[in-house]
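Novice: Have a look at this one before I ask anything.
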Amino acid sequence: MVGLGRMRALFLLPWGFFLLGLLPLAVADPVGTAGWGGLLAALLLAAVASLYSRFPVAFPVQLALVLGLSLLAFERALEGALRLVGSDPPGYAALGGVLGALALGVAFFLGTGREAPLLPPLPGVGTREDLLRLAGALEGLALRRPLVLVYLATEAPPERLEAELRRGDLAFRLRGGYLLVLQGGRPEDALGLLKRLQARFPLSAYAVERWRGGSLEKVLARLEAEALLQS
């Protein structure tokens, strides 16, 4: 019941900020059409913010996302309403937008921490193109939640390798081998996986790194170089 109450409160929060921004219209009649664009933008921001009340992330991330978008909606609604009644928005009206941007920044740092959701599994073993497409998401996830990367120099069939992975682990086929991304794993998990793989496939070389953020391209180059020295 507590979770349901939180969801309802988050769903209503952006609409409350939207209505708060319309207060100038309650005390004065519209005299023009200059603010309708701002009101439409505010309406869309409030609608998107309410959708984030059902986003499958930890509650602190949800709260920061919804609050950030709600403040942006308030700022746009207030400016639009003031223009409709013939007033120029004061300088402090932009404070809502500034606070909204800060809240979204907080959502990013919370979302890339231990509360960050795991990346969804791929439909099988991905390609190098899939890895490059997910590079930004992986770099953000590794920023505050270390990932264990395992590079394997092997010609094992992808379907046999996939059968050895845990749920949530990602695998990508590269030139001459595979890159495994163990989400939420520890180095000890990688060692156990390597023992199983060595018993089933011919591994000419391998490399393991606990990735704590940075460029995916650089960490991949390090792993490939380490594996090359072993072969």
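Novice: Test of the criteria: in segment 122-229, which GluC sites (Glu not before Pro) are in a DSSP loop and have at most 16 other Cβ atoms within 10 angstrom of their Cβ?
Specialist: Working: sites: GLU129, GLU139, GLU155, GLU159, GLU162, GLU164, GLU188, GLU209, GLU217, GLU224, GLU226; in loops: GLU155, GLU164.
Sites meeting the loop and neighbour criteria: GLU155, GLU164.
Novice: Next question. Can you give me the % of accessible surface on segment 4-113 that is carbon or sulfur? Probe 1.4 Å, all protein chains present, nothing else counted.
Specialist: Details: 4260 of 5720 Å².
Carbon-and-sulfur percentage of accessible area, whole number: 75.
Novice: Name the residues whose placed amide hydrogens come within less than 5 Å of the amide hydrogen of GLY126, ignoring near sequence neighbours (fewer than 5 apart) on the same chain.
Specialist: Amide H neighbours of GLY126, under 5 Å, 5+ apart: ALA171, PHE172, ARG173.
Novice: Over segment 128-230, with the other protein chains present, what is the accessible area per residue in square angstrom, probe 1.4 angstrom?
Specialist: Value returned for segment 128-230: 53 Å² of accessible area per residue.
Novice: Additional query: Any chance you could tell me what percent of the C-alpha pair distances in the chain go past 31 Å?
Specialist: So the pairs more than 31 Å apart make up 44 percent of the total in the chain.
Novice: Further question: Can you give me the angle between helix 36-51 and the longest principal axis of the chain, using Cα atoms only, in degrees from 0 to 90, rounded to the nearest 10?
Specialist: Once rounded, one gets 40 degrees.
Novice: Also: Can you give the helix-only mean residue ellipticity at 222 nm for the chain, where every DSSP H stretch with n ≥ 4 adds -39500 (n - 2.57) and the sum goes over all residues, rounded to the nearest 500 deg cm²/dmol?
Specialist: -18000 deg cm²/dmol
Novice: Just the accessible area for VAL27, please: 1.4 Å probe, Å², rounded to the nearest 10?
Specialist: That residue has around 130 Å² of solvent-accessible surface.
Novice: Okay, moving on. Roughly how far apart, in whole Å, are the Cα centres of segment 85-108 and segment 168-213?
Specialist: 46
Novice: Picking from LEU63, LEU203, LEU141, which is most flexible by a Gaussian network model of the chain using Cα springs under 10 Å?
Specialist: Greatest mean-square fluctuation among the candidates belongs to LEU203.
Novice: State to the nearest 20 debye the size of the charge dipole of the chain about its Cα centre, where the only charges are +1 on K and R beta carbons and -1 on D and E beta carbons.
Specialist: Here the chain has a charge dipole of around 580 debye.
The values are calculated or read from the model by the stated rules, or taken from the named source; none is laboratory data. The structure displayed is predicted, hence computed values, not measured ones. No Cβ is skipped: glycine too gets one built from the backbone with ideal geometry, and neighbour counts run over all protein chains shown. To get the accessible areas, we keep the full protein, side chains included, count just its heavy atoms, and leave off ligands, DNA and RNA. Shrake-Rupley method; radii C 1.70, N 1.55, O 1.52, S 1.80 Å.
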